[in-house]
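All remarks here apply to the structure that follows.
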Amino acid sequence: MGRPPFQPRPLQSLETEPFADAEEAWMWYSYCQLARLAGCRPRADMGAVARPCDPDDIHRITMTLARRQILLPPHVRALAEIGALLAGSASSVSLSYVQNQVWTEALQRLEPALRAKGIVA
């Protein structure tokens, strides 16, 4: 008996809701990455609201923008560090002026790509 043929993932049967902005999408991605490090296998339909993408889609878009030098190394570092702290604008963690500037600029550069993919409304 050979390997089973390739089967694409079934499309989500739930109505999906895009994120309000790039920060909300990035924080969701960060939560999913922390859950993945804890041993969970997060999917777009696991939360209370089904999302229009998998966490890996956001990572893929971010790395594409980094390769094209739309996101520079300080932007990627800020996304990673602030995401790991789960310290978005609604957080009680205070960022330095420079961190906040780089974080805001990174989100501004990320948002058009996420919007084009339908991840951000």
## Note on the structure
In Å, the Kirkwood hydrodynamic radius from C-alpha pairs for the stretch 22-116 sits at 13.7 Å
### Query
So what's the net charge close to Ala78: Lys and Arg +1, Asp and Glu -1, counting the other residues with Cβ under 14 Å from its Cβ?
-1
## Note on the structure
Taking Lys and Arg as +1 and Asp and Glu as -1, residues besides Ile119 with C-beta under 13 Å from its C-beta add up to -4
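Since every read-out is calculated from the coordinates, none of them should be taken as a lab result. Computed from a prediction, not measured in an experiment: that's the story for all the values here. Note that each Cβ is placed from the backbone with ideal geometry, even for glycine, and that neighbours are counted across all protein chains shown.
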